[in-house]
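S.K.: After the structure tokens below, expect a handful of questions from me.
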Amino acid sequence: MADRSKIEWTDASWNPLRARNLKTGKVGWHCEHATTGCEHCYSEGFNKRLGTGLPFKPGHRKDIEIFLDEEMLTQPLRWKKQRRVFVCSMTDAFAEFVTDEMLDRMFAVMALASQHAFQVLTKRSKRMREYFADDGTWERIAEAAYELWCQHLAPQPTGHLTIKHFGKDDSEMWIEEPMPNVWLGVSAERQPEADERIPDLCATPAAIRFVSGEPLLGPLDLAPWLAFVENDPNDPRMVFDENVMADGIDLEQVTLDWVIVGGESGRDARSMHPDWARALRDQCAAAKVAFFFKQFGEWAPSTPEDAKGNPHSGWMANAAHPHVARESELYPEAGAKFIARVGKQAAGRLLDGVEHNEFPRVPA
């Protein structure tokens, strides 16, 4: 699960956070639903079959032990080939059941494994912002990094540890802030989640900031956080709350570096209106921001003729979700599109015939 990943926008997944079922002893993962985007969580299904056997519910926290798997924790230190690494793809690193000490040790590994780019994606943006705003966080990460270096990397030369600096006697270490190989992102499946989480992301020091609109469950307007996009001065989102400003960060100067978009897959997948993806593609193009279209999911644009005989097809409105209009309510002039459930593979990754695989420009 760690060395490779089928997720199109990453090379490997890294899941040092594990959960042990106290009754059965089975080891898997744990998470807890945050918003509607979690309803059909792929990792929850995986955990029920091959993990602890428990659903991702807060009530099961008493039934499990959360721990850091030491073997998996240090795995990136042994990967020599450069990778993009999706951190905690089976849970949320900033969930409240994850301790600061666990986070410190995970970010310490990221600091030591500077040859990799670590992609940290969360729905708990407030916890992420508060963690990095804590005056003691960077010192704790540095201490954890030094301990791990002594255990796993010494007596290798320190010259290859490019993003940290040793004291004269090699007895101390401190971390560059923000770490240039760590990308921080938030999930935003609808506009309310974007409006809540992206300001927290912008208030958090990061070399790369990104948003994942997957599963995309409604139209998103990211203009307030994209440079060079024509903004409405009357949009209340353009006025940032001073209370969420981090030290030294002017939120009005912070923009996103990368946007991922994807429809939902799985048995109960909800459909994505094609225009939602197109609008984000066009906003990113105007702002010169990297755009990655991951997939349409189970549903794809179609026509009544092509979908003839498919009971899972119909007209979908652009204004609200989910809404598949009855055949007697056709209104393409109002933005409705005909879609059909064809399966993830058949739906594919082409948006208007183009595959979008852009990645953010990493700072030197």
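S.K.: Using mean Cβ contacts within 10 Å as the protection proxy, how do 290-296, 77-83 order, highest first?
M.R.: Working: 290-296: 22.9, 77-83: 12.9.
Highest to lowest by the protection proxy: 290-296, 77-83.
S.K.: Same structure, new question: For GLN345, what charge total do you get from the other residues with a beta carbon under 14 Å from its beta carbon, if Lys and Arg give +1 and Asp and Glu give -1?
M.R.: +3
S.K.: In Å², and per residue, what accessible area does the stretch 1-130 have when probed at 1.4 Å with the other protein chains present? Spell out each step's value before the answer.
M.R.: Numbers: 5770 Å² over 130 residues.
Here the residues of the stretch 1-130 average 44 Å² of exposed surface.
S.K.: Could I ask something else about it? How do the peptides 302-311, 93-102, 140-149 rank, highest first, by the average count of neighbouring beta carbon atoms within 10 Å per residue? Working shown, then result.
M.R.: Values: 302-311: 12.1, 93-102: 16.3, 140-149: 20.3.
Answer by packing, highest mean first, reads 140-149, 93-102, 302-311.
S.K.: Still on this structure, I have one more. Given +1 on the Cβ of Lys and Arg, -1 on the Cβ of Asp and Glu, and no further charges, what dipole in debye does the stretch 89-152 carry about its Cα centre, rounded to the nearest 20?
M.R.: Computed charge dipole of the stretch 89-152: roughly 360 debye.
S.K.: Could you tell me whether the stretch 34-147 comes out rounded, prolate or oblate from its Cα gyration tensor? Rule is a ≥ b ≥ c as square roots of the eigenvalues, rounded for a/c under 1.5, then prolate if a/b exceeds b/c, otherwise oblate.
M.R.: Prolate shape, in that a/c is at least 1.5 and a/b is the bigger ratio.
S.K.: Report, ordered by chain and residue number, the lysines lying within cross-link reach of LYS62, taken as a straight Cα distance under 18 Å and ignoring same-chain residues fewer than 8 apart.
M.R.: LYS23, LYS26, LYS48
S.K.: In terms of solvent-accessible area of protein heavy atoms at a 1.4 angstrom probe, what is the ranking of TYR131, TYR42, highest value first? Please report the intermediate quantities before stating the final value.
M.R.: Details: TYR131 10, TYR42 135 Å².
Descending order: TYR42, TYR131.
S.K.: Taking a probe of 1.4 angstrom, what is the accessible area of MET179 in Å², to the nearest 10?
M.R.: Approximately 10 Å² for this residue.
S.K.: Modelled label-to-label distance, GLU71 and GLU8, 7 Å Cα→beta-carbon offset: nm?
M.R.: Placing both labels 7 Å beyond Cα along the Cβ direction yields 3.4 nm.
S.K.: If LYS6, LYS288, LYS337, LYS26 are ordered by their accessible area, calculated over protein heavy atoms with a 1.4 Å probe, which sequence runs from highest to lowest?
M.R.: In descending accessible area the options line up as LYS6, LYS288, LYS26, LYS337.
S.K.: Based on alpha-carbon centroids, what's the gap between the stretch 68-91 and the stretch 187-221 in Å, whole number please?
M.R.: 24
S.K.: I'd like the accessible area for VAL27: 1.4 Å probe, protein heavy atoms, all chains in place, Å² to the nearest 10.
M.R.: Looks like 50 Å² after rounding.
S.K.: Here's a follow-up. Quick one: net charge of PRO274's neighbours, Cβ under 12 Å, K/R +1, D/E -1? Walk me through the intermediate numbers first.
M.R.: On the way: positive: ARG278, ARG281, LYS337; negative: ASP275, ASP352.
For residues surrounding PRO274, the net value is +1.
S.K.: Suppose every Lys and Arg Cβ carries +1 and every Asp and Glu Cβ carries -1, with no other charges. What dipole size does the stretch 1-98 come out with about its Cα centre, to the nearest 20 debye?
M.R.: 340
S.K.: Kindly sort VAL182, VAL354 by accessible area of their heavy atoms, largest first, with the probe set to 1.4 Å.
M.R.: My answer, sorted largest first, is VAL354, VAL182.
S.K.: Tell me the accessible surface of ARG278 in square angstrom (1.4 angstrom probe, heavy atoms of protein chains only), to the nearest ten.
M.R.: Near enough 50 Å² of accessible area.
The values are calculated or read from the model by the stated rules, or taken from the named source; none is laboratory data. Since the structure is predicted, the reported quantities are computational estimates derived from the model, not experimental observations. Cβ: placed from backbone, ideal geometry, glycine included. Neighbour counts: every protein chain shown. Ligands, DNA and RNA are excluded from the accessible area calculation, which covers all protein heavy atoms including side chains. Shrake-Rupley method; radii C 1.70, N 1.55, O 1.52, S 1.80 Å.
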